[in-house]
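For reference, the structure discussed in these notes is given below.
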Amino acid sequence: MVRPNWRKAGVSEQLQSALIDDRPEALAVLLVDPDHPKVQKLYESWGYKPVGFRQPFADSPRYAVMVRTLR
């Protein structure tokens, strides 16, 4: 979450990069609310690709799964 005054300035991508760029894992995985296509498009612009859907728990919503190769 980025404060409103800092939105549309690249801060969210910088934060996301700071969290994953030095990770040793091969992949980063996101669960995204499919009712927010703008968010999915944003993640796609960062290199994530949609690969399917997942409902992590019986009483949870269904999410779009997005994956990005790190290595």
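Only one entry of E13, E44 meets the criterion of being acidic (D, E) and modelled with pLDDT of 95 or more, and that entry is E44. If only residues of segment 25-71 that are free of Cβ contacts under 8 Å to residues at least 12 places away in the same chain and part of a loop (DSSP other than H, G, I, E, B) are counted, the one that is farthest from K8 (Cα to Cα) is A58. Checking each residue in segment 8-29 for being surrounded by fewer than 12 Cβ atoms within 10 Å (Cβ to Cβ), within 18 Å of V65 (Cβ to Cβ) and either small (G, A, S) or within 11 Å of the chain's Cα centre (by Cα) (or both) picks out only A26. Within segment 38-61, the residues that satisfy the criterion of being basic (K, R) and loosely packed, with under 12 Cβ neighbours inside 10 Å are K38, K41, K49. All told, V32 meets the bar of being touching a helix residue (DSSP H, G or I) at 6+ places or on another chain (Cβ under 9 Å) and either surrounded by 11 or more Cβ atoms within 10 Å (Cβ to Cβ) or among the basic types (K, R) (or both).
The values are calculated or read from the model by the stated rules, or taken from the named source; none is laboratory data. The structure presented is a predicted model; accordingly, all values stated were derived computationally and were not measured. With ideal geometry, Cβ positions are generated from the backbone for all residues, glycine too; neighbour counts draw on all protein chains shown.
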